[in-house]
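The values are calculated or read from the model by the stated rules, or taken from the named source; none is laboratory data. Note that the structure is a prediction, hence the values are computed from the model and not measured. Glycine gets a Cβ as well: all are built from the backbone with ideal geometry, and neighbour counts include every protein chain shown. We work out accessible area using only protein heavy atoms, side chains counted, and drop any ligands, DNA or RNA first. Shrake-Rupley method; radii C 1.70, N 1.55, O 1.52, S 1.80 Å.
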Amino acid sequence: MVLVYLIVASFLVLYWYFTRHFNHWKNKNVPFLKPLPFFGNIIDGILMRQAFGEIFSTLYQKSKEPVLGLFILDKPCLLLRDPEVIKRILVTDFQHFFDRNVMNNKRDDPIGTHILFFLKNPDWREMRVKITPVFTSSKMKAMSKLIENSSTELTNYLNTQVERKSVIEMKEVCLKFTVNVITSTAFGVDSNSFKDDSRFCEEAKRMFNWDNFLTSFRIRCYFLAHSLVKIFRLKLFHPTSIKFLEESFWDIMHTRVNSKSHRNDLIDILLQLKHDDKNFLDGDLLTSQAVVFFAAGFETSSSTMGFALHELALHPEIQTKLRNEITEISKEHGGINYDSLKKMPYLEMCVKETLRKYPVLPVLERKSNSRYTIPETNTVIEKDTAVFISLLGLQYDPKYFPNPEVFDPERFSSDNKHLIENYSYLPFGEGPRNCIGSRFGMMTVTFGLANIIKNFVVEATSETKQKIKLNANGLVLSSQNGIRLKVRRV
Ligand code: HEM
């Protein structure tokens with residue numbers, strides 16, 4: 001009997017604990033969705049029944065309000081639905097929202113904690129200023145030569161594959177390409193990614209292997225359930241991958257110092273920073289920046305390429321138009337290179353439309369660092385409240401993108417692009433905390449796609465579905481069944 005009382009009492013205490021804030025938005029007169037005890041509004045996310053991006057787009061669709069009160073487990077947070085409000089939070093009033101809500105686990109994860117994406121102010125600002133010079137126009141142009149080499153390897157590799165296989169897993173091919181690009185441009189090493197036993201590729205896959213429960217759980221907790229990160233002392237990435245990247249990184253650093261050579265890449269910039277400020281840049285801080293380039297660089301770009309190929313396979317007429325542009329312009333400008341890519345508007349339109357349908361990082365998030373009232377409304381956001389922006393919600397909203405399921409690159413033509421409402425299309429985020437590698441990411445994706453489409457025809461198979469089923473465990477958008485396509489030479 002005592003045991004029953006204890007169980008009931010514990011349950012009541014837990015119930016009280018997890019519902020104690022549930023009047024938060026009601027008291028503030030902010031429209032909100034009714035939460036469930038213990039889960040708040042994200043039960044499908046916690047039980048891994050929906051992909052991270054889909055959770056927030058489902059919530060987005062449940063309302064027409066400019067801001068919507070939600071609960072992540074027991075914590076009140078806001079979903080921003082209105083482009084004007086989004087602009088305020090990301091840009092105009094950024095000084096109230098300079099950090100992301102994502103967990104920064106200083107105690108257990110010395111590498112993860114210093115990654116630019118996870119850094120909190122003032123460390124974030126200091127690091128952002130130091131890393132920004134990696135992406136100047138002249139550096140990008142210099143790096144484009146290395147991407148050209150990776151593109152040649154990509155074409156050669158696909159040539160061997162089409163002889164052997166009738167259906168090819170193109171996401172895997174794109175991953176080999178983007179790993180090759182990142183290691184050669186950022187670290188100055190050949191990852192051998194087009195060979196079967198590339199360790200860089202193995203670790204790349206391990207880092208974002210959504211089918212592995214622990215990987216998915218770990219990363220999801222960093223974004224949604226911070227208390228579990230603390231309780232289970234979770235690290236962001238798999239320790240094996242981090243150990244390998246750390247060792248490779250220091251090997252490369254030492255070789256570079258000993259050879260006294262310069263490549264103007266990330267390694268040179270980090271060496272210079274270390275030279276200028278020995279106290280500021282300790283070992284973990286340096287390694288973290290190399291890890292973020294690797295992690296942020298390969299998965300986002302390879303997924304975007306994969307989704308673009310899926311759409312091009314389903315739309316042969318768009319693929320032919322794109323191939324004609326690439327063939328013509330590259331003939332005039334001595335091949336596919338930095339300059340010729342800039343003269344391919346249709347290629348850019350296709351990539352932009354791909355990023356509309358598949359924003360690989362589908363949710364933007366910030367946390368208020370002071371009490372803030374949204375101007376011209378009475379909505380008060382208390383300090384330390386998380387705010388979310390659903391890119392899938394906005395970019396599939398027929399109000400901004402009519403017939404959102406249709407893949408239509410013309411939305412981004414010079415005649416039409418002014419029709420897109422500002423802050424309704426944000427695949428790289430916005431404001432001072434936007435994607436630092438956006439131009440580099442676009443360059444990688446356009447190089448890769450241009451080389452594939454110029455030389456090969458991609459076609460749907462009998463298994464290809466119109467609508468890609470997203471991997472429910474994924475934090476970034478990824479296809480549950482890969483991107484399997486028929487590929488033949490042009
Ligand atoms: C198609 C490719 C890519 C997409 C779609 C993408 C998307 C994004 C998005 C949506 C954000 C969050 C922005 C915000 O919160 O406002 C972000 C942040 C970031 N991205 Fe990318 N990204 C891509 C490629 C890259 C590449 C190639 C790199 C590095 C080489 C990179 C490095 C980063 C970093 C470091 C941040 C955090 C910036 C900060 O907090 O200051 N990304 N990215």
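Below is a table of values for the structure above.
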| quantity | calculated |
| --- | --- |
| Sequence-separation-based contact order of segment 2-489, relative, with Cα cut under 8 Å and 6+ spacing, percent | 24 |
| Cross-link table LYS75/LYS230; LYS145/LYS176; LYS106/LYS205; LYS34/LYS106; LYS352/LYS467, entries beyond 23 Å C-alpha to C-alpha | LYS106/LYS205; LYS34/LYS106 |
| At most 15 other Cβ within 10 Å, DSSP loop - chymotrypsin sites (Phe, Trp or Tyr not before Pro), segment 1-106 | PHE38 |
| Mean Cβ neighbour count within 10 Å, used as a protection proxy, ranking 347-357, 205-215 highest first | 347-357, 205-215 |
| Helix-only CD estimate at 222 nm, as mean residue ellipticity for the chain, using -39500 (n - 2.57) per DSSP H run (n ≥ 4) | -15500 deg cm²/dmol |
| Kirkwood-based Rg to Rh ratio, the chain, C-alpha trace | 0.97 |
| Solvent-accessible area per residue, Å², over the chain with all protein chains present [probe radius 1.4 Å] | 45 |
| Acute angle (nearest 10 degrees) that the helix 266-276 long axis makes with the longest principal axis of the chain, alpha-carbon atoms | 60 |
| Set of aspartates and glutamates near LYS342 by C-alpha distance (under 15 Å), chain-local residues within fewer than 8 positions excluded | GLU148, GLU325, GLU328, GLU332 |
| Contour excess over end-to-end distance, with Cα ends at ARG107 and THR132 and 0.36 nm allotted per residue | 6.3 nm |
| Accessible surface ranking that places the most exposed of THR178, THR132 first, with a 1.4 angstrom probe | THR132, THR178 |
| In Å², nearest 10: area of HIS275 left accessible to a 1.4 Å probe | 120 |
| Whole-percent carbon and sulfur share, accessible surface of the chain, 1.4 Å | 55 |
